[in-house]
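Asker: Here's a structure for you.
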Amino acid sequence: MRIGKTIYLDHQATTPVDQRVLAEMLPYFTDSFANPHSLDHKPGWDSARAVANSAGQVARLVGADSDEIIFTSGATESNNMALLGLGRRAAGGNRNRILVSATEHKCVLAVGRVLEEQYGYAVEEIPVDHQGFVEINALEQMIDDDVLAVSILSVNNEIGTIQNIEKISEIVRKYGAVFHCDAAQAPIAMATGSFAKYADILSLSGHKMYGPKGIGAVFIARGLQAQLEPLIYGGGQQNGLRSGTVPVPLCVGMGVAADLLLGKDADENRKELRRRRDLLVKRLKESRWRVSENGPQGDARHPGNASICFADFSAHDILGALQPRLAASMGSACTSGIPEPSHVLRAIGLDQDAAEASVRFSLGFSTTDEDVEEAADLIEEVLERLSKAELVRSS
């Protein structure tokens, strides 16, 4: 797809709102605008019904029940609610360790530091292999009865690695620990209807799945909800776990987006997404430049993710030279501006030069073959220009 004249290949940072999602949201801004927690009149009941319906749609997306869905502002808040909520309630107990993978989203790693510094937990990183998969043997050696929770990103936001959450869940539950899964990237990458069967807590984000920004959700297994300390106190909305008036239009939008991903076209869309991603990677590897792909191959990778290392080039220079014709990124949008190599790329074994030469292209359902071909041509043109400029500088 294009934003004006710019080819947009940064869908893992954010997706556009699907037109069908927007159409369902609009009436709740102007017509059905009542507070869903106003229980003394019909407009309030109507808004409450819309929120409940949306919770049911999100629940079906992950195989849960609607009373196990709590709406949040996004996956970052959901991750904070999960880990801080558990950690604060259980502080001082016998379970004083928390395990996270080395390639977790920055917000999970940041919460880990808070739990160490303020609540006395030992937060330990589970190593990953060169494709980004959690090392199962290491997890089995690290986990014990003193582990409170294990947090694993189901689909990596930088290199697209899809973890085996079924196997990880089996190990975690054997020791009675809580399994938290950041699944923000998962609904586009794969069918998620069994996720609630394996995870105890699951984080989602509306704007990663063709819904609106500013809305997310967290699945918390019914029997676990009493073990979480809320982050926000007030009127006791949403099972007392997140007080405050829920944003009805945004909830409706996330619900519709979830419903669309359960539709009959979802698998075909993912198949086409993978085909176009493979086409882009093929074109780039056929160029005369030293190009390699970071992360796994085939079905074990997000179908729209292409993390490409352009040896001897700077990713920053490439992205700058592509402006304003092509939008991609050096990695997670949540770490932009941080002058250090991606912790994900370093965790899978890339040295600093290779990490700083890597660009993430992420395609979406509306990316076309024409977009891919033109993007490949633009990238080759930019590499040629940068190479010539470097020759001039060094001569």
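The values are calculated or read from the model by the stated rules, or taken from the named source; none is laboratory data. Bear in mind the structure is a predicted one, so any value in this text is a computation, not a measurement. Quick reminder, even Gly has a Cβ in these numbers, built from the backbone with ideal geometry, and neighbours come from all protein chains shown.
Asker: Pick out the one residue from VAL178, VAL134 that is out of contact with any Lys or Arg (no Cβ under 6 Å at 6 or more places or on another chain) and either at pLDDT below 95 or under 25 Å from GLN225 (Cα atoms) (or both).
Answerer: After ruling out the rest, the residue left standing is VAL178.
Asker: If I filter the stretch 300-318 down to residues being under 16 Å from the mean Cα position of the chain (by Cα) and of a type in the set (Gly, Ala, Ser), which single residue comes out as farthest from THR367 (Cα to Cα)?
Answerer: Across the stretch 300-318, the extreme among qualifying residues is ALA300.
Let's see how each residue does on (1) over 30 Å from LEU262 (Cα atoms); (2) in contact with a Gly (Cβ under 9 Å, 6 or more places away or on another chain); (3) crowded, with 17+ Cβ neighbours inside 10 Å; (4) of a type in the set (Asp, Glu):
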{"position": "ALA50", "(1), (2), (3), (4)": "no, yes, yes, no"}
{"position": "ASP65", "(1), (2), (3), (4)": "no, yes, no, yes"}
{"position": "THR76", "(1), (2), (3), (4)": "no, yes, yes, no"}
{"position": "LEU84", "(1), (2), (3), (4)": "yes, no, yes, no"}
{"position": "ALA91", "(1), (2), (3), (4)": "yes, yes, no, no"}
{"position": "LEU99", "(1), (2), (3), (4)": "yes, no, yes, no"}
{"position": "VAL108", "(1), (2), (3), (4)": "no, no, yes, no"}
{"position": "ARG113", "(1), (2), (3), (4)": "yes, no, no, no"}
{"position": "VAL134", "(1), (2), (3), (4)": "no, no, yes, no"}
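Asker: VAL134 is checked against (1) under 23 Å from ASN80 (Cβ atoms); (2) in contact (Cβ under 8 Å) with a residue 40 or more places away in the chain; (3) under 19 Å from the mean Cα position of the chain (by Cα) and fails just one. What number does that condition carry?
Answerer: Here VAL134 clears every test but (2).
Asker: Could you list, in sequence order, all residues of the stretch 343-363 that are within 15 Å of THR161 (Cα to Cα) and not charged (D, E, K, R)?
Answerer: If the condition is that a residue be within 15 Å of THR161 (Cα to Cα) and not charged (D, E, K, R), then HIS343, VAL344, LEU345, ALA347, ILE348, GLY349, PHE361, SER362 are the ones that fit.
Asker: In the stretch 120-178, which residues are acidic (Asp, Glu) and more than 18 Å from ALA347 (Cα to Cα)?
Answerer: Passing the criteria: GLU140, ASP144, ASP145, ASP146, GLU166, GLU170.
Asker: Still on this model: Scan the stretch 143-152 and give yes if some residue there is among the hydroxyl-bearing types (Ser, Thr, Tyr) and either modelled with pLDDT under 95 or assigned to a helix (DSSP H, G or I) (or both), otherwise no.
Answerer: Among the residues of the stretch 143-152, not one is among the hydroxyl-bearing types (Ser, Thr, Tyr) and either modelled with pLDDT under 95 or assigned to a helix (DSSP H, G or I) (or both), which makes the answer no.
Asker: Which ones in the stretch 294-307 are assigned to a strand (DSSP E or B) and in contact with a helix residue (DSSP H, G or I) (Cβ under 6 Å, 6 or more places away or on another chain)?
Answerer: Within the stretch 294-307, just ALA306 meets the criteria.
Asker: Which condition breaks for SER194 when tested against (1) within 13 Å of LEU61 (Cβ to Cβ); (2) surrounded by fewer than 22 Cβ atoms within 10 Å (Cβ to Cβ); (3) in contact with a Phe, Trp or Tyr (Cβ under 9 Å, 6 or more places away or on another chain); (4) not acidic (Asp, Glu)?
Answerer: Among (1) within 13 Å of LEU61 (Cβ to Cβ); (2) surrounded by fewer than 22 Cβ atoms within 10 Å (Cβ to Cβ); (3) in contact with a Phe, Trp or Tyr (Cβ under 9 Å, 6 or more places away or on another chain); (4) not acidic (Asp, Glu), SER194 violates only (3).
Asker: Then there's this: Condition (residue is under 20 Å from ALA196 (Cβ atoms), buried (at least 18 other Cβ atoms within 10 Å of the Cβ) and either more than 16 Å from the chain's Cα centre (by Cα) or at pLDDT 95 or above (or both)) applied to the stretch 119-128: is it met by at least one residue?
Answerer: Within the stretch 119-128 (the criterion being under 20 Å from ALA196 (Cβ atoms), buried (at least 18 other Cβ atoms within 10 Å of the Cβ) and either more than 16 Å from the chain's Cα centre (by Cα) or at pLDDT 95 or above (or both)), the answer is no, since none of the residues qualifies.
Asker: Continuing with this model, one more query. Across the stretch 136-170, what is the total count of residues that are within 27 Å of ARG89 (Cβ to Cβ) and buried (at least 16 other Cβ atoms within 10 Å of the Cβ)?
Answerer: 15
Asker: Then there is this: Just the residues that are in a loop (DSSP other than H, G, I, E, B) and either touching a His at 6+ places or on another chain (Cβ under 8 Å) or of a type in the set (Asp, Glu) (or both), please, taken from the stretch 247-291.
Answerer: ASP265, GLU286
Asker: Output the residues belonging to the stretch 314-365 that are in a loop (DSSP other than H, G, I, E, B) and at pLDDT below 95.
Answerer: Residues satisfying the conditions are MET330, GLY331, SER332, SER336, GLY337, ILE338, PRO339, GLU340, PRO341, SER342.
Asker: Follow-up question, since we're still on this one. Hey, does the stretch 268-283 have a residue that's surrounded by fewer than 17 Cβ atoms within 10 Å (Cβ to Cβ), of a type in the set (Lys, Arg) and in contact with a Cys (Cβ under 9 Å, 6 or more places away or on another chain)?
Answerer: no
Asker: Conditions first: (1) free of Cβ contacts under 8 Å to residues at least 12 places away in the same chain; (2) of a type outside the set (Gly, Ala, Ser); (3) in contact with a Leu (Cβ under 9 Å, 6 or more places away or on another chain). LYS264 passes all but one, so which condition is the exception?
Answerer: Exception for LYS264: condition (3).
Asker: Answer yes or no: is there a residue in the stretch 223-232 that is of a type in the set (A, V, I, L, M), surrounded by 24 or more Cβ atoms within 10 Å (Cβ to Cβ) and closer than 26 Å to ASP10 by Cα.
Answerer: No, every residue in the stretch 223-232 fails to be of a type in the set (A, V, I, L, M), surrounded by 24 or more Cβ atoms within 10 Å (Cβ to Cβ) and closer than 26 Å to ASP10 by Cα.
Asker: Going by what's in this entry, would SER54 be described as touching a residue at least 40 places away in the same chain (Cβ under 8 Å), under 17 Å from THR245 (Cα atoms), among the polar types (S, T, N, Q) and buried (at least 20 other Cβ atoms within 10 Å of the Cβ)?
Answerer: Yes, satisfied.
Asker: Then there is this: Based on what the data block shows, is ILE165 farther than 23 Å from THR14 by Cα, β-branched (Val, Ile, Thr), assigned by TED's automatic domain parsing to the domain that holds ALA48 and more than 21 Å from the chain's Cα centre (by Cα)?
Answerer: Answer is no for this residue.
Asker: Can you pull out every residue in the stretch 361-371 that is buried (at least 24 other Cβ atoms within 10 Å of the Cβ) and among the hydrophobic types (A, V, I, L, M, F, W, C)?
Answerer: PHE361, LEU363
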